[in-house]
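Here's the structure we're looking at; comments come further down.
The values are calculated or read from the model by the stated rules, or taken from the named source; none is laboratory data. As the structure is a computational prediction, the values presented were derived from the model and not from experiment. As a convention, Cβ positions derive from the backbone with ideal geometry for all residues, glycine included, and neighbour counts pool all protein chains shown. The area values use the complete protein model at the heavy-atom level, side chains included, leaving out ligands, DNA and RNA. Shrake-Rupley method; radii C 1.70, N 1.55, O 1.52, S 1.80 Å.
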Amino acid sequence: AGSVMNPPQIGRSVAPIPPEIVAIERPRESLMTYYVLKAIAANVAFPFVFPYLYFRYHTMRYRFDTDGIHMKWGIIFRREVLLNYSRIQDIHLRSNLIERWLGLARIEIQTASGSASANMTLEGMEDPEGMRDFLYSRMRGAREEKAGGAADPVAAVLLEIAGELREIRALVERPRA
């Protein structure tokens, strides 16, 4: 009998994305208010900063699926970023005084690319803390899948010990003939 190779994905079900996350396609309207205030603070650079931020806001799109996060924006210089959950190394929430006043926070997502800055920054999210928690759960889930279901080696050893104890109990409790 030959060995049969089973890809790690077979038989594994990926948890569905919560409907409130799937529904996110655009940033909150208060992000535009923040962008206007940011452009005004740029003072003499206002004529250059405002159009950039205006078009960034109106072209920014998000999509969350089982693979990762898709983000795109821009008119002249179009940018599109796809970040798989398994590549996420760290997640930071950042907000200044005005962002907190408007109920905003930036979610900075970093990967192991070696860059000092965030690889993706999500802006204008309804519930930044909830989004951070969702991303952490996806990040951990992707790592567990990659490791074959045993992300925590201690848990794997404990499960193995429990199985052996059940076998010993079954042997001890077996009636003698």
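What are the ³J(HN,Hα) couplings of region 154-163, residue after residue, when phi is run through the Karplus curve with 6.51, -1.76, 1.60 and θ = phi - 60°? Round to Hz, x for glycine and proline.
With coefficients 6.51, -1.76 and 1.60, one gets 5, 4, 5, 5, 4, 5, 5, 4, 4, x Hz.
Sorted by packing (mean other beta-carbon atoms within 10 Å per residue), highest first, where do 38-44, 23-29, 65-71 land?
Taking the mean over residues of other Cβ atoms within 10 Å, the ranking is 65-71, 23-29, 38-44.
If amide hydrogens are placed 1.01 Å from N in the peptide plane, which non-local residues have theirs closer than 5 Å to the one on A105?
G124, M125
Starting from the amide H of D90, placed 1.01 Å from N in the peptide plane, find each other amide H under 5 Å away whose residue is 5 or more places distant or on another chain.
Q110
Counting other C-beta atoms within 10 Å, and keeping those with at most 15, which DSSP coil chymotrypsin sites (Phe, Trp or Tyr not before Pro) do you find in region 35-81?
F77
Return the loop-located trypsin sites (Lys or Arg not before Pro) in region 57-141 (DSSP other than H, G, I, E, B) with at most 11 other Cβ atoms within 10 Å of their own Cβ; answer none if there are none.
In loop regions of region 57-141 (DSSP not H, G, I, E or B), the sparsely surrounded trypsin sites (Lys or Arg not before Pro) are R78.
At 7 Å along the Cα-to-beta-carbon direction for both R87 and Y52, put a label point, then send me their distance in nm to one decimal.
2.4 nm
Can you sort S30, S137 by solvent-accessible area, 1.4 Å probe, largest first?
Sorted by accessible area, descending: S137, S30.
For A45 and N96 in the same chain, what is the full-extension length gain: residue separation times 0.36 nm, less their Cα-Cα distance, in nm?
That works out to 16.3 nm of additional length.
May I ask you to derive the FRET efficiency for T121 and I168 from their Cβ-Cβ distance with R0 = 45 Å, giving the value to the nearest 0.05?
Rounded to the nearest 0.05, the efficiency is 0.25.
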